[in-house]
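Asker: Here you go, one structure.
A short reminder: the numbers here are calculations on the coordinates, not readings from a lab. Being a predicted model, the structure only gives us computed values, none of them experimental. Note: ideal-geometry Cβ built from the backbone for every residue, glycine included; neighbour counts use all protein chains shown.
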Amino acid sequence: MTKDEHFNAALENELVWIPALGMGYYNVRESDMPYDASYFARYQRQAETPMGRALTKARVDLVARHYCGPVLDVGIGAGQFVVERDEPTYGYDVNPVAVEWLQERGLYQDMYIESFRALTFWDSLEHIPDAAAAVARAGEWVFTSLPIYEGPEHVLRSKHFRRDEHCWYHTSSGLIRWFERQGFECVEHNTTETDLGREGIGSYAFRRFG
């Protein structure tokens, strides 16, 4: 096997970490993705717990500190953020069950067709293979929460290293620099979700330059 073949095989089957960028990538195969009725039901159970409600409130509050107006929530989990926020909030998802849930309530929007000033990615940005194309759809704001790592060894021992779900892995500075390359500046970073009991989660508000 040539060096190129070894490299391509690694891209297909291993975590590839780029120290200079503070980020890594794992090739999640579409056939392995678990987005179905049981996945949606699990998020529903988690949402209806004291921690689940506290997390949703923290997310609503994060957005409210910076932005008022319609939001598109990308990767809705159980849909709790969509229904708890007082201002118009819509959803986009790839799970057929979540899509049906949104359509029944008249809340489904395709982020690759419709335009929104603000997008939210709660535990979802790391799932999206072409994350750059996703955040490019935001007119002004991106709000996100996701696992944050110290480096590749941390990823490999973390419960958030999910070979059937998570494509992207970042240090906090790596994530901020990645957003800068997409044209966004970080205006808030907090660890509220970690303080509420989750493991190693950072929350961020990003605004387009200018």
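Asker: Which angle from 0 to 90°, rounded to the nearest 10, does the C-alpha axis of helix 172-182 make with the longest principal axis of the chain?
Answerer: The angle comes out near 80 degrees.
Asker: Run lengths n ≥ 4 of DSSP H only: what is the helix-derived mean residue ellipticity at 222 nm for the chain, with -39500 (n - 2.57) per run over all residues, to the nearest 500?
Answerer: It lands at -10000 deg cm²/dmol.
Asker: If you line up the long axis of helix 50-64 against the longest principal axis of the chain, both from Cα atoms, how many degrees apart are they, to the nearest 10?
Answerer: 80
Asker: Let me ask something else about it. Put +1 on the Cβ of every Lys and Arg and -1 on every Asp and Glu Cβ in the range 21-208; which of GLY183, THR49, LEU119 then has its Cα farthest towards the positive end of the dipole?
Answerer: The listed residue farthest towards the positive side: GLY183.
Asker: For the chain, which span is the longest to avoid every loop-located (per DSSP) member of GluC sites (Glu not before Pro) having at most 16 other Cβ atoms inside 10 Å?
Answerer: 49-113
Asker: What are the ³J(HN,Hα) values, in whole Hz, obtained from phi via the Karplus relation 6.51 cos²θ - 1.76 cosθ + 1.60 with θ = phi - 60°, for each residue of the range 155-171 in sequence order, with x given for Gly and Pro?
Answerer: 4, 5, 9, 7, 5, 7, 7, 10, 6, 9, 9, 9, 8, 10, 9, 9, 7
Asker: Compute the label zone of MET51 within the range 175-210: residues whose backbone N is under 12 Å from the point 7 Å along Cα-to-Cβ.
Answerer: Only 193-201 fall inside the zone, counting backbone N under 12 Å.
Asker: If you don't mind, another one. Expressed as a rounded percentage, what relative contact order does the range 21-208 have, with Cα pairs under 8 Å and six or more residues apart?
Answerer: Result for the range 21-208 is 25 percent.
Asker: Order by neighbour count: VAL28, VAL83, fewest other Cβ atoms within 10 Å first, most last.
Answerer: Fewest to most other Cβ atoms nearby, the residues stand as VAL83, VAL28.
Asker: With a 10 Å cut-off between alpha carbons and a GNM built on the chain, which of PHE143, PHE121, PHE179 moves the most?
Answerer: PHE179
Asker: With a point put 7 Å past each Cα toward its Cβ, work out how far ARG208 is from SER173 in nm, to one decimal.
Answerer: Going by the 7 Å Cα→Cβ label model, 2.9 nm.
Asker: Next up: Tell me the angle of helix 37-47 to the major Cα principal axis of the chain, expressed in degrees between 0 and 90 and rounded to the nearest ten.
Answerer: 60
Asker: Shifting gears a bit: Counting only residues 5 or more places away or on other chains, whose amide H sits under 5 Å from the amide H of THR120 once H atoms are built in the peptide plane?
Answerer: Here the answer is LEU72, ASP73, VAL74, PHE143, since their amide H atoms fall under 5 Å of that of THR120.
Asker: So which residue, out of ASN27, ASN95, ASN13, gets the largest mean-square fluctuation from a GNM of the chain using Cα contacts under 10 Å as springs?
Answerer: Answer for the Gaussian network model of the chain: ASN13.
Asker: Also: In a Gaussian network model over the chain where Cα atoms closer than 10 Å are linked, find which of GLY106, GLY79, GLY22 has the largest mean-square fluctuation.
Answerer: Judging by the Gaussian network model, the answer is GLY106.
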